[in-house]
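Worksheet: the structure to be examined is printed underneath.
The values are calculated or read from the model by the stated rules, or taken from the named source; none is laboratory data. As the structure is a computational prediction, the values presented were derived from the model and not from experiment. Cβ sites come from the backbone with ideal geometry, for glycine too, and all protein chains shown count toward neighbours. Only protein heavy atoms, including side chains, enter the accessible area calculation; ligands, DNA and RNA are left aside. Shrake-Rupley method; radii C 1.70, N 1.55, O 1.52, S 1.80 Å.
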Amino acid sequence: MMTRILPAMALLSALAACGGPELRYAVPQVAPTEKISIDFETVELREITLPTYAALEVIYVETPEGVITPAEDLLWADDPVRAATLELARALRLSTGARVASEPWPFDDFAEARLEVRIEEFLADAQGRFRVAGQYFVATRDAEGRDRAETFEIAVPIPPAAGASGLAAARAAAMAELAQTIAKTAMR
């Protein structure tokens with residue numbers, strides 16, 4: 001397994017070492033793998049919080065020694081906080097069929113539930129995976145005490161020969177998986 005991962009990380013390092021113009025990578029849209037019925041018709045997603053390194057437009061990777069380092073000249077195409085928030089809102093909407101929007105809530109009526117996601121890890125790790133870990137909170141407007149707080153850890157393999165576009169695809173898949181995890185564990 002490690003012999004497969006090292007070439008992928010070497011490719012990312014080689015791409016980063018090219019001193020040319022900055023390359024921007026968009027995160028592709030990923031369709032949900034299943035439809036999940038939830039108890040809410042409307043969900044407000046608060047702006048996602050990311051670690052300092054992940055909130056920057058530079059793409060960061062973890063070295064085999066555990067150092068989180070920027071991949072030079074490789075940038076995300078959009079502001080990472082904004083993009084991650086929109087990715088998750090879209091994935092939740094597609095997975096659940098609920099009306100999901102990021103804050104500020106754009107509709108006249110209040111959302112039935114509010115979701116807050118605090119991410120602690122958001123990077124390509126040394127094992128050749130895109131890793132997303134943290135905690136999420138669901139607060140509801142009803143008085144039944146259905147508020148939830150859960151932790152999560154998701155790791156999606158980065159295709160070995162795909163370079164930075166594979167990393168972006170793995171990030172998209174991780175966010176889609178996060179949406180499905182939240183829907184299954186905290187919104188039913």
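Could you tell me whether the chain comes out rounded, prolate or oblate from its Cα gyration tensor? Rule is a ≥ b ≥ c as square roots of the eigenvalues, rounded for a/c under 1.5, then prolate if a/b exceeds b/c, otherwise oblate. In terms of gyration-tensor shape, prolate. Between the amide H of residue 39 and those of 188, distances stay under 5 Å, these residues lying 5 or more places away or on another chain, with hydrogens modeled in the peptide plane.
Could you check how much of the accessible area of the range 110-187 is carbon and sulfur, as a whole percent, using a 1.4 Å probe?
Details: 1450 of 3140 Å².
Carbon and sulfur atoms account for 46 percent of the accessible area of the range 110-187.
Computed from the C-beta positions of residue 33 and residue 67 and an R0 of 35 Å, the FRET efficiency is 0.55 to the nearest 0.05. A Förster distance of 25 Å, applied to the separation of the beta-carbon atoms of residue 55 and residue 151, puts the FRET efficiency at 0.80.
Database remark: amide H of residue 59 closer than 5 angstrom to the amide H of 71, 74, 75, 76 (H placed geometrically; neighbours at sequence offset of 5 or more, or on other chains; Pro and chain starts carry no H).
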